[in-house]
Amino acid sequence: MAPISEKMHCAAILEKLNELIEFVEECADRFGLETKKKFGLLVAVEEAFVNICSYAYPDGEGEAEISCATEGDAFVFEIADHGRPFDVLSLPDPDITLDVMDREIGGLGVYFIRKLTDDVSYRRENGRNILRMVLKRREDGNP
Amino acid sequence: MEIQTKKEANATVVTITGRLDAVTAPVYEKAVIELITAGELKLIVDFDSLDYISSAGLRGLLVTAKQLKGKGGQVRCANVKGTVKEVFDISGFGSIFQMDDSVADSLAKLA
């Protein structure tokens, strides 16, 4: 499997979601990410992008920068914004045991990012918030 | 995403096809809230042709379920499977929504 190193950037607006998902899916397919893991990745990517669209640029429009790369047998997705410093991973998990009527609307996005990736980390670098997600090619860990 | 609604004797079946994500969830919410506003109290959401759901999609389901419950109505989810089911399960939604293996099952339980 050839190494992948692809980048794209787009306006941080929901209208770009499909374009972003197609880009990541194409990279994940070339990498050979297991179908179930790819599905998890795409949900996590949507959650991260939607967070940037919703919160990163309260005063106007900004961009999201995306990269897909390989590190050995892992797929590495990074998404960056130029908004104020904010670590989305600092948010608490929602209470997923509550009944329908008591459920908070929201808070699930970051939870999905945590649950659907093998590793996720945040760093602030050159005025950018960067969220990095790593997924092994297969669930069982075999190449 | 496409939404189809079909009135059955004791409920309305809402069939969603494609992706329920941050872009399409508001369309789903609007369509279902219209049904509720028009007086429908029993809904069955058919997930058989749904390929993808994110937290925004679940939020859409939750908003409409709360509205229905507030009016004394009910919603049941039919044919939640595969990767969509996985998202339901890890979010805990699999246990807070009434899930059935088929639309016929849902209809029987609402009868």
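The numbers here are math on the coordinates, done by the rules we state, and not lab data. It should be emphasised that the depicted structure is a prediction, and the values quoted were computed from it without experimental measurement. Note that each Cβ is placed from the backbone with ideal geometry, even for glycine, and that neighbours are counted across all protein chains shown.
Which of the aspartates and glutamates could a cross-linker span from B:Lys66 if the Cα-Cα distance has to be under 16 Å and same-chain partners fewer than 8 positions apart are dropped? Excluding near neighbours in sequence, the set is A:Asp99, A:Asp102, A:Glu104, B:Glu29, B:Glu34, B:Glu40. Positive end of the charge dipole of chain A (Lys, Arg +1 and Asp, Glu -1 on Cβ, about the Cα centre): tell me which of A:Val120, A:Gly60, A:Ala44 has its Cα farthest that way. Checking the options against the dipole of chain A, the answer is A:Val120. Less than 15 Å Cβ to Cβ from B:Lys109, Lys/Arg counted +1 and Asp/Glu -1: what total charge do the surrounding residues give? Net charge in that neighbourhood comes out at -3. Here's the list of aspartates and glutamates a cross-link from B:Lys81 could span, going by alpha-carbon distance under 12 Å and ignoring same-chain residues fewer than 8 apart: B:Asp46, B:Asp48, B:Asp51, B:Asp89, B:Asp100, B:Asp101.
Charged side chains reduced to their Cβ positions (Lys and Arg at +1, Asp and Glu at -1) give segment A:5-136 a dipole of some 300 debye around its Cα centre. Taking the number of Cβ atoms within 10 Å of each Cβ as an exposure proxy, the fewest-first ranking of A:Ser121, B:Ser55 is A:Ser121, B:Ser55.
Which entries in B:Lys7/B:Lys30; A:Lys36/B:Lys6; A:Lys37/B:Lys71 show an alpha-carbon gap greater than 28 Å?
Working: B:Lys7/B:Lys30 17 Å; A:Lys36/B:Lys6 32 Å; A:Lys37/B:Lys71 39 Å.
Over 28 Å Cα-Cα: A:Lys36/B:Lys6; A:Lys37/B:Lys71.
Under unit Cβ charges (Lys, Arg +1; Asp, Glu -1), what dipole magnitude, rounded to 20 debye, does the protein assembly as shown have relative to its Cα centre? If you can, show how the numbers build up before the last one.
Working: 30 positive and 43 negative charges, 117 e Å.
Magnitude of the dipole: close to 560 debye.
Relative to a virtual label point 7 Å from the Cα of A:Asp95 in the Cα→beta-carbon direction, which members of segment B:81-108 show backbone nitrogen distances below 16 Å? From segment B:81-108, the list is B:92-93, B:96. The value given for the protein assembly as shown is a Kirkwood hydrodynamic radius of 19.1 Å, derived from the mean inverse Cα-Cα separation. By the beta-carbon count within 10 Å of each Cβ, the least crowded to most crowded order of A:Phe86, A:Phe75, B:Phe88, fewest first, is A:Phe86, B:Phe88, A:Phe75. Dipole magnitude for segment B:2-101: computed about the Cα centre from +1 point charges on Lys and Arg Cβ and -1 point charges on Asp and Glu Cβ, it is near 380 debye.
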